[in-house]
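A.B. asks: A single structure is presented below for examination.
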């Protein structure tokens, strides 16, 4: 049976590439984003909907529609993000709050919407996209790095709470990729990964029970060094 999957931040970058790869694999994908110009596709397995993850009232109708059409939600991929590049002394706390609204509370809003369905089904996967800068920090990215650190802790906690309910909660760690959110890193584009390649690599791992999911072996090795306390868990 085809899996039913929700992906946020699906109109660009890794989210778009991942959506297209999963559709090619035969999955049913609800692709959510603020705009949908890159998702104007004719595919019976695609449900592209405009949705603001910071607004729970906008999320619920989409989840209800998906459940009505496909019967449930097997997998949630929290991928939507906001990254603002500015030194801490030049930014306002409102900037950081905006990043948390999307990158942290947006994830929580989506989880809150799908969790009752997954609990009733007694199965489900919640994949939260994180970043290595959540461990290392990055100058000029106070808000973004803080949100990713918070996502790491949230994911580990939920994975413990929901394990006995048949629900897997884990983290996706993509490599530094040529996306809009990475454009301010100051890294030459040729040194960043191709989002299409990353999306296809991750698509093969969606539904993994490992605590960490990566798209390639080199990213797995880097991540393994950062979480040396449990090296056997890295999904290569």
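A.B. asks: Quick one: would you say residue 2 is in contact with a helix residue (DSSP H, G or I) (Cβ under 6 Å, 6 or more places away or on another chain) and surrounded by fewer than 18 Cβ atoms within 10 Å (Cβ to Cβ)?
C.D. replies: Spelling it out, it is not the case that residue 2 is in contact with a helix residue (DSSP H, G or I) (Cβ under 6 Å, 6 or more places away or on another chain) and surrounded by fewer than 18 Cβ atoms within 10 Å (Cβ to Cβ).
A.B. asks: Which one of these is within 17 Å of the chain's Cα centre (by Cα) and over 23 Å from residue 150 (Cβ atoms): 10, 40, 17?
C.D. replies: Result of the check over 10, 40, 17: 17.
A.B. asks: Would you mind stating whether residue 14 is assigned to a strand (DSSP E or B) and under 25 Å from residue 159 (Cβ atoms)? First the steps, then the outcome.
C.D. replies: On the way: assigned to a strand (DSSP E or B): no; under 25 Å from residue 159 (Cβ atoms): yes.
Answer is no for this residue.
A.B. asks: Between a first residue in the stretch 44-62 that is without any contact (Cβ under 8 Å) to a residue 24 or more places away in the chain and a second residue that is surrounded by fewer than 18 Cβ atoms within 10 Å (Cβ to Cβ) and in a helix (DSSP H, G or I), which pairs have beta carbons less than 6 Å apart while being 6 or more apart in sequence or on different chains?
C.D. replies: Here the result reads 52/58, each pair linking the stretch 44-62 to a residue that is surrounded by fewer than 18 Cβ atoms within 10 Å (Cβ to Cβ) and in a helix (DSSP H, G or I).
A.B. asks: Could you check, for the stretch 1-13, whether at least one of its residues is in contact with a strand residue (DSSP E or B) (Cβ under 9 Å, 6 or more places away or on another chain), over 21 Å from residue 208 (Cβ atoms) and free of Cβ contacts under 8 Å to residues at least 60 places away in the same chain?
C.D. replies: There is at least one residue in the stretch 1-13 that is in contact with a strand residue (DSSP E or B) (Cβ under 9 Å, 6 or more places away or on another chain), over 21 Å from residue 208 (Cβ atoms) and free of Cβ contacts under 8 Å to residues at least 60 places away in the same chain.
A.B. asks: Here are 64, 27, 74: which of them is out of contact with any helix residue (DSSP H, G or I) (no Cβ under 7 Å at 6 or more places or on another chain), modelled with pLDDT of 95 or more and over 23 Å from residue 172 (Cα atoms)?
C.D. replies: Details: 27 fails: over 23 Å from residue 172 (Cα atoms); 74 fails: over 23 Å from residue 172 (Cα atoms).
Going through 64, 27, 74 in turn, just one is out of contact with any helix residue (DSSP H, G or I) (no Cβ under 7 Å at 6 or more places or on another chain), modelled with pLDDT of 95 or more and over 23 Å from residue 172 (Cα atoms): 64.
A.B. asks: Shifting gears a bit: With 71, 45, 13 as the choices, which residue is farther than 17 Å from residue 110 by Cα and buried (at least 23 other Cβ atoms within 10 Å of the Cβ)?
C.D. replies: Values: 71 fails: buried (at least 23 other Cβ atoms within 10 Å of the Cβ); 45 fails: buried (at least 23 other Cβ atoms within 10 Å of the Cβ).
None of the others qualify; the one that does is 13.
A.B. asks: Just checking: which of the helices (runs of 4 or more DSSP H) contained wholly in the stretch 74-169 hold 1 or more residues that are in contact with a strand residue (DSSP E or B) (Cβ under 8 Å, 6 or more places away or on another chain) and within 25 Å of residue 11 (Cβ to Cβ)? Give the derivation first.
C.D. replies: Working: elements: 93-103, 105-121, 133-136, 142-162.
Answer list for the stretch 74-169: 105-121, 142-162.
A.B. asks: Of the conditions (1) exposed (fewer than 14 other Cβ atoms within 10 Å of the Cβ); (2) in contact with a helix residue (DSSP H, G or I) (Cβ under 8 Å, 6 or more places away or on another chain), residue 90 fails just one. Which one is it?
C.D. replies: (2)
A.B. asks: If only one of 87, 116 is farther than 25 Å from residue 207 by Cα and more than 19 Å from the chain's Cα centre (by Cα), which one is it?
C.D. replies: Exactly one of 87, 116 is farther than 25 Å from residue 207 by Cα and more than 19 Å from the chain's Cα centre (by Cα), namely 87.
A.B. asks: Check the stretch 117-127 and report whether any residue there is farther than 19 Å from residue 33 by Cβ and at pLDDT below 95.
C.D. replies: no
A.B. asks: What number of residues within the stretch 17-42 satisfy the criterion of being in a helix (DSSP H, G or I) and either touching a strand residue (DSSP E or B) at 6+ places or on another chain (Cβ under 7 Å) or surrounded by 18 or more Cβ atoms within 10 Å (Cβ to Cβ) (or both)?
C.D. replies: Adding up the residues that qualify gives 8.
The values are calculated or read from the model by the stated rules, or taken from the named source; none is laboratory data. Values in this document were obtained by computation on a predicted structure and should not be read as measured data. Cβ atoms come from the backbone with ideal geometry, glycine included; neighbour counts cover every protein chain shown.
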